[in-house]
1. Which of the residues belonging to the stretch 158-185 are modelled with pLDDT of 85 or more, in contact with a helix residue (DSSP H, G or I) (Cβ under 6 Å, 6 or more places away or on another chain) and crowded, with 20+ Cβ neighbours inside 10 Å?
2. Quick check, is residue 235 in a loop (DSSP other than H, G, I, E, B), at negative phi, at pLDDT below 75 and within 18 Å of the chain's Cα centre (by Cα)?
3. Residue 5 - would you say it is modelled with pLDDT under 90 and not assigned by TED's automatic domain parsing to the domain that holds residue 131?
């Protein structure tokens, strides 16, 4: 009887340790992803700086420093994070994601002088647009390999509602992939894509429309007319999928969430 009780206690301790390890891992990955997203903001802010006392040399030097930071982030993910056994393949994909981003920043540094030069701007814009594919590839790897593996393991352990899953997207404006748009973006002008503001422009011809896809709270998918039990915490977040049902890329699409009814309702936009 004592032996059985000891085994049960041992199994419970091992289960608690495994759960704690998964939560710590998700927290570490979320921190790395957030730092990578910050590097994205800094890089594109530097690229779109339309002068204001910032020289082309200053831009290039800033990007070189950012490339070094991206390399440090790869090393941090490779050496400083304890990886649960079930997530080793997922972690390899995370490192691949960060390597794509580091290498992409390095390629941008290499081709930027050509893109800014007077005589070879057209060729330089093409080369710069080509390098942006590194960031697109990194986003695909994260979305297709890193996040789904985390979802699967956390659901198996029944703790997906107790953590805030990481998300990461480096290339937020795909107009950087279009050579004709690159010179405009380098001058600080919007390309009319994901991050551009079209509020003062005429709508593009063709069908426009958006639809609502999946909605989840704390990792728990919500269904219309259905009910769900969600454990709330400080990191509990909504995830709302907006579907483009038209023929044009849409920007600045507002999403409003209402929790509760009447005067006590909470609205998030």
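The values are calculated or read from the model by the stated rules, or taken from the named source; none is laboratory data. These numbers come from a predicted model, not from an experiment. No Cβ is skipped: glycine too gets one built from the backbone with ideal geometry, and neighbour counts run over all protein chains shown.
1. If the condition is that a residue be modelled with pLDDT of 85 or more, in contact with a helix residue (DSSP H, G or I) (Cβ under 6 Å, 6 or more places away or on another chain) and crowded, with 20+ Cβ neighbours inside 10 Å, then 166, 168, 170, 171, 181, 182 are the ones that fit.
2. Working: in a loop (DSSP other than H, G, I, E, B): yes; at negative phi: yes; at pLDDT below 75: yes; within 18 Å of the chain's Cα centre (by Cα): yes.
So residue 235 fits the description; yes.
3. Values: modelled with pLDDT under 90: yes; not assigned by TED's automatic domain parsing to the domain that holds residue 131: yes.
Answer is yes for this residue.
Conditions tested, residue by residue: (1) farther than 16 Å from residue 40 by Cα; (2) over 20 Å from the mean Cα position of the chain (by Cα).
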| position | (1), (2) |
| --- | --- |
| 70 | no, no |
| 86 | yes, yes |
| 107 | no, yes |
| 114 | yes, yes |
| 128 | no, yes |
| 140 | no, no |
| 146 | yes, no |
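For (1) modelled with pLDDT under 95; (2) surrounded by fewer than 17 Cβ atoms within 10 Å (Cβ to Cβ), each residue gets a yes or a no:
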{"site": "67", "(1), (2)": "no, no"}
{"site": "90", "(1), (2)": "yes, no"}
{"site": "94", "(1), (2)": "no, no"}
{"site": "101", "(1), (2)": "no, no"}
{"site": "113", "(1), (2)": "yes, yes"}
{"site": "119", "(1), (2)": "yes, yes"}
{"site": "122", "(1), (2)": "yes, yes"}
{"site": "151", "(1), (2)": "yes, yes"}
{"site": "156", "(1), (2)": "yes, yes"}
